[in-house]
Amino acid sequence: MAIRAIRKFRWVEGLFCVYKPPGVHWKLVRDRIETCRTDLTLTAGSLPPGVRLLGPGRGPTELTLSASSLAAHPLVRGPEFRRIKVGVGHRLDASSSGVLVIGVGRGNKPLNDLYQMCCTRDYTLEGEFGFATDNFSRTGRIVERSTYDHVTQDKLEKVLAMLQQANQKALLIHSNVDMRSQEAYEMAVTGELGPQGKSPPILTGLRVTGFQPPFFTLELQCLNETQRYLRKVVHEIGLELRSTASCTAVRRTRDGPFTVDQALTRGQWTAFDLLPTLLAWLSVSNVESTFDTDRPRGL
Amino acid sequence: MASSCVQQLCRRSTSHLRSKTSCVTLLYSTHVQNHVAGVRTADKTNAGGDLIIHGNHSIFHTSQRRQQVGVCYYSGYNASPLLPTEHRDTKELTDALSQIKDAQHLTETNARLDTDEAVYPSASEEITDKDASHTMVPSTLPSESSSLRDYVDESETLSKLVQLGVKLWKLEQRPNVGTMLLKLDFQTDVVPRLLFLKEMGVEDSGLAYILSDNPFILKEDLENLHARVNYLKSQKFSPETVASMVTRAPYLLNFSVKRLDNRLAFYQQQLGLNSSKTRGIVARLPRLLSGSLEPVKETLRVCKIELGFKENEIQHMVMLVPKLLTSNKRKLTQIFDYLHNTMKVQHHLIVKFPQVFNSRLLRIKERHLFLDYLGTAQYDSDQPNYISLDRLASLPDEAFCTEVASATLEDFIMFQKTM
């Protein structure tokens, strides 16, 4: 019945995150989720009132109608929900992988609020020394090759510290607050100091998690970034070290409050059991405090 | 300026017309494109000087004004920029003049009709029973609609089709199909063809599927349909096979005998198989006959040249998995590239398990990387712990994890998130 379908629709709504595999365009992921969700609303077909299926005694496929209009028949009317509104949070380009926030149906409204809010995202970058390409990743045309024997971990960490200092300055400049005011001090103490709205990409945290030359792994937190910018960061790190580097993998491990552990992989998008619950949208300040813990405190 | 020029031309031309002596020099402005004789009773203005009504004479007006004026007559005469000859021009002008007079007359009569009192009696008057039976009751059916829902109760064809299980909601989205179905008569059009399909051996569920996919079968000539079925039977397809082929490829019977013949010959020739094997392939995948042949040619070329399979290898693969012929060229090359160059699987093993081309590249990648991480990625049949390609690609996730990888599904999911 119609009521049942709407209830099913309410079940498939929500705000959740999926794991986007590398090599897949984000739009394909979004489309696939939409078809999965609409298919869920179609399960357990229901007969409209007034149509009775007679038993095998009266003929195998006879459908006798008991005086009601055929216009409401499911074969004439079609499925009740042919499309569902599925929205995507901060996008990932085709060669990156990681957490992609998806909002379905009524989940789009909190998704919109989440998108507007300036929350940081966690990335893991894998880089390789020895060559530089035109698009900063392995798929590009190699522009330069160089040696990397002189690169050590502490040299790398020095370069990262320098980068972090520059980004810290940028954070303060773009926060649009007078640095000498009490307001700025209070914001810095609570960790809210930062750009509200559009700004150039800013790395709020950066560290080395793996170093086996020529390969190295970085972990960073950033704001307003694009994946191409992150690959460029790896390229610039190579240049600072008097060598060359390019990025082999970009993986997002956290987007706002959504982490990789909560992300659903492809096999789980159709599972009826893993129904997402609508994220209760608490007051903005509450949510902000939960994931701003990695902002540097103080000046 | 143009309008005044044209006005002068008007006067000059009409005066010449009367005299019929000197030649008419009509220098057309660039805007004047057509002679249109049209008059609108309401619009007798010289607004902008565009529409010039010079008494009852012919009118030249600019193309801009043409849209505003309700043109009720179009003479179809294209103005030439050259100087027309006197003879032609005077004749056309006389024609135009007479047509103007007719048009004016028409509009006057129309106006008269509009302003007349209504001929029909008022609604509150009582009429006799005899009159009541003669009055035309306007039908509640809309004259045009975007959905078949409005007509399904009244139309016998549509309601019987719904009872059969045909998906009308899908058919009405296709252009012109809805109109076609409405115009069909159930007893003369639909019933003979349904009986024909049933005689062939198509089941009731199959009927619904065929009609949902190919409603045009209801418009095919019955003799043609019989001829095509007889042709297939003459090619030694058994009646049950023919029925199953038609059910799975509903457009099959829309093709002429010659076309079917050409296609069967094509497959026999391209694959180099004997007739019984070709029949086997076509019976298993009948849409090979109803689809386009160009992609098949392309795929065969790719297999031979790019992927480097030999003739007999291609034959073997197609015999096992006929779907290979209609698969996407890009998908084939990507999967083969990964299998051969990254996973280091040799040609002969791929030939043994062509169903690996049916699965998605991402799936093969994830599973291979998982096995690689566990250290159990062994695809050489001579070595111990050999994993066959069909088990790698075709098993569902749970079965793959427990049997092939000896790990849990959660581990596999966690691994997928590290890629």
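The values are calculated or read from the model by the stated rules, or taken from the named source; none is laboratory data. Remember, predicted model here, so these are calculated numbers, not experimental data. No Cβ is skipped: glycine too gets one built from the backbone with ideal geometry, and neighbour counts run over all protein chains shown. Side chains included, ligands, DNA and RNA excluded: accessible areas come from the protein's heavy atoms. Shrake-Rupley method; radii C 1.70, N 1.55, O 1.52, S 1.80 Å.
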A careful count of residues in region B:389-400 that are surrounded by 13 or more Cβ atoms within 10 Å (Cβ to Cβ) and within 21 Å of residue A:262 (Cα to Cα) gives 1
Quick check on my filter: what residues within region B:157-169 are at the interface with chain A (Cβ under 8 Å from one of its Cβ atoms), of a type outside the set (Phe, Trp, Tyr), out of contact with any Ser or Thr (no Cβ under 6 Å at 6 or more places or on another chain) and open to solvent by 10 Å² or more (accessible area, probe 1.4 Å)?
B:159, B:163, B:164, B:165
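Determine, yes or no, whether residue B:173 is within 14 Å of chain A (Cβ to nearest Cβ), assigned to a loop (DSSP other than H, G, I, E, B), open to solvent by 40 Å² or more (accessible area, probe 1.4 Å) and modelled with pLDDT of 85 or more.
Details: within 14 Å of chain A (Cβ to nearest Cβ): yes; assigned to a loop (DSSP other than H, G, I, E, B): yes; open to solvent by 40 Å² or more (accessible area, probe 1.4 Å): yes; modelled with pLDDT of 85 or more: yes.
Taking the combined requirement at face value, the residue satisfies it.
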When region A:181-207 is examined, which residues are found to be in contact with an Asp or Glu (Cβ under 8 Å, 6 or more places away or on another chain) and surrounded by fewer than 16 Cβ atoms within 10 Å (Cβ to Cβ)?
A:205, A:207
Please identify the pairs in which a residue from region A:74-89 that is within 13 Å of chain B (Cβ to nearest Cβ) has its Cβ atom under 7 Å from the Cβ atom of a residue that is of a type in the set (A, V, I, L, M, F, W, C) and open to solvent by 40 Å² or more (accessible area, probe 1.4 Å), counting only partners at least 6 apart or on another chain.
A:75/B:169; A:76/B:169; A:77/B:169; A:78/B:169; A:79/A:42; A:80/A:2
Would you confirm whether or not region B:221-229 contains a residue that is modelled with pLDDT of 90 or more, open to solvent by less than 10 Å² (accessible area, probe 1.4 Å) and more than 14 Å from every other protein chain (Cβ to nearest Cβ)?
yes
I need the strands (runs of 3 or more DSSP E) fully contained in region A:125-228, keeping only those with at least 1 residues that are over 25 Å from residue A:98 (Cβ atoms).
A:142-145
For region A:12-24, pairs from a residue that is within 14 Å of chain B (Cβ to nearest Cβ) and closer than 9 Å to residue A:102 by Cβ to a residue that is in a loop (DSSP other than H, G, I, E, B) and among the aliphatic types (A, V, I, L, M), with Cβ under 9 Å and 6 or more apart or across chains, are A:17/A:263; A:18/A:263
Only residues in region A:107-122 that are more than 15 Å from residue A:254 (Cβ to Cβ) count as the first member; pair them with residues that are aromatic (Phe, Trp, Tyr), Cβ under 9 angstrom, at least 6 apart or cross-chain, and list the lot.
A:107/A:16; A:109/A:281; A:110/A:281; A:113/A:281
Members of region A:151-180 found to be open to solvent by 40 Å² or more (accessible area, probe 1.4 Å) and free of Cβ contacts under 8 Å to residues at least 40 places away in the same chain, listed by number:
A:152, A:154, A:158, A:161, A:165, A:166, A:169, A:173, A:174, A:176, A:178, A:180
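Here is a yes/no grid of residues against (1) closer than 21 Å to residue A:76 by Cβ; (2) of a type in the set (Lys, Arg); (3) not in a loop (DSSP other than H, G, I, E, B):
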{"residue": "B:137", "(1), (2), (3)": "no, no, no"}
{"residue": "B:142", "(1), (2), (3)": "yes, no, no"}
{"residue": "B:146", "(1), (2), (3)": "yes, no, no"}
{"residue": "B:153", "(1), (2), (3)": "yes, no, no"}
{"residue": "B:160", "(1), (2), (3)": "yes, yes, yes"}
{"residue": "B:180", "(1), (2), (3)": "yes, no, yes"}
{"residue": "B:193", "(1), (2), (3)": "no, yes, yes"}
{"residue": "B:211", "(1), (2), (3)": "yes, no, yes"}
{"residue": "B:217", "(1), (2), (3)": "yes, no, yes"}
Among helices (runs of 4 or more DSSP H) completely within region B:269-388, the ones holding 2 or more residues that are open to solvent by less than 80 Å² (accessible area, probe 1.4 Å) and within 28 Å of residue B:258 (Cα to Cα) are B:275-284, B:287-290, B:294-301, B:311-320
For residue B:247, all conditions in the list (1) more than 14 Å from chain A (Cβ to nearest Cβ); (2) among the polar types (S, T, N, Q); (3) loosely packed, with under 15 Cβ neighbours inside 10 Å hold save one; what is the number of the exception?
(3)
Count, please, the residues in region B:140-156 that happen to be away from chain A (no Cβ under 11 Å) and crowded, with 20+ Cβ neighbours inside 10 Å.
0
Exactly one condition in (1) away from chain A (no Cβ under 11 Å); (2) in contact (Cβ under 8 Å) with a residue 40 or more places away in the chain; (3) not aliphatic (A, V, I, L, M) is not met by residue B:129; state its number.
(2)
Does region B:279-297 contain at least one residue that is closer than 21 Å to residue B:198 by Cβ and of a type in the set (Lys, Arg)?
no
Considering only region A:136-150, I want to know if a residue exists there that is touching a residue at least 40 places away in the same chain (Cβ under 8 Å), surrounded by fewer than 14 Cβ atoms within 10 Å (Cβ to Cβ) and of a type in the set (A, V, I, L, M, F, W, C).
no
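Answer yes or no as to whether residue B:236 is surrounded by fewer than 18 Cβ atoms within 10 Å (Cβ to Cβ) and within 14 Å of chain A (Cβ to nearest Cβ). Spell out the reasoning first.
Values: surrounded by fewer than 18 Cβ atoms within 10 Å (Cβ to Cβ): yes; within 14 Å of chain A (Cβ to nearest Cβ): no.
Considered against the rule, which asks whether it is surrounded by fewer than 18 Cβ atoms within 10 Å (Cβ to Cβ) and within 14 Å of chain A (Cβ to nearest Cβ), residue B:236 comes out as no.
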Does residue B:191 satisfy the criteria of being crowded, with 16+ Cβ neighbours inside 10 Å and more than 12 Å from every other protein chain (Cβ to nearest Cβ)?
no
Given (1) assigned to a helix (DSSP H, G or I); (2) more than 37 Å from the chain's Cα centre (by Cα); (3) within 14 Å of another protein chain (Cβ to nearest Cβ); (4) without any contact (Cβ under 8 Å) to a residue 40 or more places away in the chain, residue B:418 misses just (1)
